[in-house]
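Below you'll find the structure, written out as structure tokens, and then a few comments.
The values are calculated or read from the model by the stated rules, or taken from the named source; none is laboratory data. It should be emphasised that the depicted structure is a prediction, and the values quoted were computed from it without experimental measurement. With ideal geometry, Cβ positions are generated from the backbone for all residues, glycine too; neighbour counts draw on all protein chains shown.
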Amino acid sequence: MAQFKKIANMLLNSKYVTALTGAGVSVESGIRPFRGPGGLWTEKGEPSMNVYKRFLENPKKYWDNRNKRDKNPSKVKSYTPNPGHYALNELEKMGILKTVITQNIDDLHNVAGNNNVIEIHGNSKKMRCISCSARWNKEKYMKNIDSYQCPNCGGIVKGDTVMFGEPIPTDVLEQSFLEAEKSDCMIVAGTSAVVQPAASLPLIVKRKGGSLIEVNPMLTSISDYCDLAIRQPSGEFFPQLIHYINNMK
């Protein structure tokens with residue numbers, strides 16, 4: 001109870017609260033992480049860093065292969081937001097949480113109802129022009145435009161998800177750092193905080209004198225910098241926090 005009181009007061013007394021989320025938040029929706037226990041890359045090894053380079057060398061080949069796969073689709077499991085996602089939406093509706101910065105590509109923060117979501121590694125449901133950064137819903141784009149050329153600028157279009165070896169899109173990078181600079185409190189949930197540039201965002205907040213709240217069952221590289229650490233999964237902790245804040249009123 002004491003921890004809930006501390007965190008609730010910290011959030012309510014802060015002027016600009018943001019959240020940085022990672023794979024641990026989506027694990028509770030049944031999505032496997034890439035790294036760590038049960039991770040895809042832990043099991044199979046990390047992909048080659050020249051994936052993006054190979055794509056740029058022959059985007060037509062990439063698209064041709066993708067079109068073949070689309071004609072013979074495998075069964076894709078549908079995932080839904082978990083209580084942690086919905087609780088972050090509640091924090092936004094309360095006016096406490098300003099922005100969610102996520103490393104996840106699953107679109108679940110948007111599905112849960114958050115309006116201000118910055119997706120550092122892209123969104124698996126979108127397409128993006130690598131020249132002008134225009135984005136489209138993937139399903140609608142594939143129905144209407146079967147091309148790897150941007151209808152706006154003629155640039156190369158790819159999935160919005162950031163490939164290995166691909167730079168983070170400039171617009172997303174700028175938004176992420178701007179939000180960190182504005183924050184006087186950041187919730188760091190479900191991330192090991194080792195992958196850049198996301199790992200630097202909590203440190204920006206801390207350097208400016210802001211507060212960090214970690215929600216993660218495990219110790220991470222950011223733990224020593226945090227003012228408060230909750231060793232629970234986000235899907236368990238955040239709904240309890242919402243309940244506590246509602247009872248404070």
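When residues of segment 153-193 are filtered for being touching a residue at least 24 places away in the same chain (Cβ under 8 Å), within 17 Å of the chain's Cα centre (by Cα), part of a loop (DSSP other than H, G, I, E, B) and within 16 Å of S133 (Cβ to Cβ), how many remain?
Looking only at that region, the number is 7.
Results for (1) of a type in the set (V, I, T); (2) surrounded by 16 or more Cβ atoms within 10 Å (Cβ to Cβ); (3) touching a Leu at 6+ places or on another chain (Cβ under 7 Å), shown as yes or no for each residue.
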position	(1), (2), (3)
M142	no, no, no
C150	no, yes, no
G154	no, no, no
V157	yes, yes, no
E166	no, yes, no
S176	no, yes, yes
E179	no, yes, no
I204	yes, yes, no
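Among helices (runs of 4 or more DSSP H) lying entirely in segment 53-128, which contain 1 or more residues that are more than 21 Å from V205 (Cβ to Cβ), modelled with pLDDT under 90 and of a type outside the set (A, V, I, L, M)?
Values: elements: 59-71, 83-93, 108-112.
So the answer is 59-71.
Do you know which residues across segment 205-249 are modelled with pLDDT under 95, part of a helix (DSSP H, G or I) and aliphatic (A, V, I, L, M)?
I245, M248
So that you can scan it fast, the table gives a plain yes or no per residue for (1) in contact (Cβ under 8 Å) with a residue 24 or more places away in the chain; (2) under 17 Å from the mean Cα position of the chain (by Cα); (3) closer than 22 Å to E181 by Cα:
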| residue | (1), (2), (3) |
| --- | --- |
| K98 | yes, yes, yes |
| N104 | yes, yes, yes |
| N123 | yes, yes, no |
| R128 | yes, yes, no |
| S133 | yes, no, no |
| N137 | no, no, no |
| M142 | yes, no, no |
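Which condition from (1) touching a Leu at 6+ places or on another chain (Cβ under 8 Å); (2) more than 15 Å from G84 (Cα to Cα) is the one that I187 breaks?
Here I187 clears every test but (2).
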